[in-house]
Amino acid sequence: LIDYQSNMTRGLGFRGMVNGRMGYASTEAFDDESVAQLVKGVLESAQLCEDTDTEFLHKGDDQVPELDLYNPELDNVSAADKLDMVHKLDEACRAEDPRVKNGYNVVETSKAKVRIVNTYGMDRSFTENIAVLQAEVNSEENGFVSSSGHLVYGRDINAIDVNALAKEAVKRSI
């Protein structure tokens, strides 16, 4: 194991209709200067937009289908559980083929609280989360080194097959 990181970020995305063109910008900073830059970014983005398709701001007055985007069990996956999965993924990759020399494996969980608000009065929010497992494999044969990988994601980390992920990553590397 070379590195373990845990972090929390937040962000704000903003879009606006300017002279019939949609502009987009986003930021992870929340000071006055960044918000002013966000608005400026939307104005500049709208000017540069070459898309002639009509875009609209959703009024949000219709019935929105319920989406199953959050699994509370994913919040209970500990750092130790993730490290264990990284080790299992590494072992599975190495066991798959003797030409595998090393790799880069990632086990990540993320959770986002999303709020969508617009000038028509729409104000909706939801929480979503996901687990991502990624295996990047370096293999060597006759002095030739090849690298490739594969990733899988889902809302149930226990349903992700580490061995199948390793097999696919190694297959792509060989």
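Numbers below:
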{"item": "Any pair with Cβ under 6 angstrom, 6 or more apart, that starts in the stretch 16-28 at a residue that is without any contact (Cβ under 8 Å) to a residue 24 or more places away in the chain and ends at one that is open to solvent by 80 Å² or more (accessible area, probe 1.4 Å) and not in a loop (DSSP other than H, G, I, E, B)", "result": "24/15; 25/14"}
{"item": "Odd one out for residue 133, checked against (1) modelled with pLDDT of 95 or more; (2) open to solvent by 60 Å² or more (accessible area, probe 1.4 Å)", "result": "(2)"}
{"item": "Filter pass, residue 78 being among the hydroxyl-bearing types (Ser, Thr, Tyr) and loosely packed, with under 13 Cβ neighbours inside 10 Å", "result": "yes"}
{"item": "Given (1) loosely packed, with under 13 Cβ neighbours inside 10 Å; (2) touching a residue at least 24 places away in the same chain (Cβ under 8 Å); (3) over 17 Å from residue 96 (Cα atoms), number of the condition residue 142 does not satisfy", "result": "(2)"}
{"item": "Residues of the stretch 15-52 classified as open to solvent by less than 60 Å² (accessible area, probe 1.4 Å) and either of a type in the set (D, E, K, R) or in contact with a Lys or Arg (Cβ under 7 Å, 6 or more places away or on another chain) (or both), total", "result": "5"}
{"item": "Sole residue being in a loop (DSSP other than H, G, I, E, B) and farther than 24 Å from residue 124 by Cβ, chosen from 61, 51, 68", "result": "51"}
{"item": "Restricting the stretch 82-97 to residues that are among the acidic types (Asp, Glu) and without any contact (Cβ under 8 Å) to a residue 60 or more places away in the chain, the residue that is nearest to residue 120 (Cα to Cα)", "result": "84"}
{"item": "Residue tally, condition of a type in the set (A, V, I, L, M, F, W, C), farther than 27 Å from residue 76 by Cα and open to solvent by less than 40 Å² (accessible area, probe 1.4 Å), over the stretch 87-130", "result": "2"}
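The values are calculated or read from the model by the stated rules, or taken from the named source; none is laboratory data. A quick note: this is a predicted structure, and the numbers were derived from the prediction, not measured. Positions of Cβ are backbone-derived with ideal geometry, glycine not excepted, and every protein chain shown enters the neighbour counts. These accessible areas exclude ligands, DNA and RNA; they are computed on the full protein's heavy atoms, side chains included. Shrake-Rupley method; radii C 1.70, N 1.55, O 1.52, S 1.80 Å.
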